[in-house]
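Shown next, in structure tokens, is the structure this report addresses.
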Amino acid sequence: MTTVVKIGGARAVDPAGALADVASLTDEDEDVAVVHGGSTAVDETLERLGIEPEYVETPSGVVGRFTDEDTMEVFEMVFGHLNTQLVAGLQSQGVDAVGLNGVDGKLLYGPRKSAVRVMDDGKRKIKRGDHSGTIKQVNSDLLETLFADGYTPVASPPMAGKDDEEIVPVNTDADRSAAHIAGAVDATLVLLTDVAGIYADPDDPDTLIESVETADEWAALEDAAEGFMERKVMAIQEAIEGGADEVVVADANADDPILSALDGGGTHVYASALSDTADETTADDNADTTEGDT
């Protein structure tokens, strides 16, 4: 079995338990790829540098980061640091981890989107100067080669963005990066975050949605998702449509977070729930242009 684990970048997420679980899985000769976010660290670094983070709202109502040139430089710096820390943490657990970003080997590749559609005072506008992209290809051969040689890839944005005849590093959403990777290697995707899963009532943890297997249950899940969970629902859809067999949204701070998620914890969405509900165009329009990791 192959598992792709996305570790959120929210301040409340402690990766220690996830790293220990990755070590347990690799000890059992399971292939694991780790994908990480880091938007909180990016915002904190921008603040220290005196740069105000800018968030925009798409016409579909999704809020995400606008990545101008200065923000992109900070983004590359911060994500490189976080990647190195996670690789070192896994190596301390005895895992032969290798750090990658989406530019390496064109692991995550697609067109740069320099202009984005946004809402401003209730009006649709085009905002230019963005450094973001839409993932269209995953270099699964690179991942499979690493797996075959006994390595555990640790990947993150930025992605390799095609800009005319150049390849430039551009921002992309970490959840959806993990989704594309999981789909490309036919893996189970575990999205670890700072809550126990997706709730029917976003304000009530007792309303955890445990299993989503039918189109009706999928529709209810979409209706329930608010805020950052909207992006996770997009990622779930993209992972399953790409080839993943199952996606789990679970608590990064639970005991044995990955192992407990694979054993039934969190919210489990199965491929059967999306057999009649494909709508890739909507997902592309909603949030490929901005990064909103948690």
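The values are calculated or read from the model by the stated rules, or taken from the named source; none is laboratory data. Since we're looking at a predicted model, the values are computed, not measured. Positions of Cβ are generated from backbone atoms using ideal geometry, with glycine treated the same way; all protein chains shown enter the neighbour counts. These accessible areas exclude ligands, DNA and RNA; they are computed on the full protein's heavy atoms, side chains included. Shrake-Rupley method; radii C 1.70, N 1.55, O 1.52, S 1.80 Å.
A few notes on this one:
- Test: Ala20 is open to solvent by less than 40 Å² (accessible area, probe 1.4 Å), modelled with pLDDT under 90, farther than 27 Å from Gly122 by Cβ and not charged (D, E, K, R): no
- All positions within the range 215-239 that are open to solvent by 20 Å² or more (accessible area, probe 1.4 Å), modelled with pLDDT of 95 or more and within 15 Å of the chain's Cα centre (by Cα): Glu238
- Of residues in the range 111-132 being closer than 18 Å to Glu73 by Cβ and surrounded by 15 or more Cβ atoms within 10 Å (Cβ to Cβ), the one modelled with the lowest pLDDT: Ser114
- The range 25-43 residues that are farther than 20 Å from Val13 by Cα, paired with ones that are open to solvent by 20 Å² or more (accessible area, probe 1.4 Å) and aliphatic (A, V, I, L, M) (beta carbon under 7 Å, 6 or more apart): Glu30/Met1
- Some residue of the range 58-79 being open to solvent by 60 Å² or more (accessible area, probe 1.4 Å) and among the hydrophobic types (A, V, I, L, M, F, W, C): yes
- Complete set of residues in the range 1-49 that are under 17 Å from the mean Cα position of the chain (by Cα), among the polar types (S, T, N, Q) and closer than 28 Å to Glu73 by Cβ: Ser39, Thr40
- Contact map, the range 89-109: first residue more than 18 Å from Ile7 (Cβ to Cβ) and open to solvent by 40 Å² or more (accessible area, probe 1.4 Å), second residue outside any strand (DSSP E or B) and modelled with pLDDT under 95, Cβ cut-off under 6 Å, separation 6 or more or different chains; the map is empty.
- Residue identified as of a type in the set (S, T, N, Q), at pLDDT 95 or above and crowded, with 19+ Cβ neighbours inside 10 Å among Thr26, Thr84: Thr26
- The residues of the range 141-198 that are within 17 Å of the chain's Cα centre (by Cα), at positive phi and of a type in the set (Asp, Glu) amount to a single one, Asp186.
- Residues of the range 149-184 satisfying the condition of being open to solvent by 10 Å² or more (accessible area, probe 1.4 Å) and assigned to a loop (DSSP other than H, G, I, E, B): Asp149, Gly150, Tyr151, Asp164, Glu165
- For the range 71-84, the criterion of being farther than 24 Å from Leu142 by Cα, over 17 Å from the mean Cα position of the chain (by Cα) and free of Cβ contacts under 8 Å to residues at least 40 places away in the same chain is met by at least one residue.
- For the range 137-148, residues that are surrounded by 14 or more Cβ atoms within 10 Å (Cβ to Cβ) and out of contact with any His (no Cβ under 8 Å at 6 or more places or on another chain) total 8.
- Selection of the range 29-55 for residues being open to solvent by less than 30 Å² (accessible area, probe 1.4 Å) and assigned to a strand (DSSP E or B) yields Val32, Ala33, Val34, Val35, His36.
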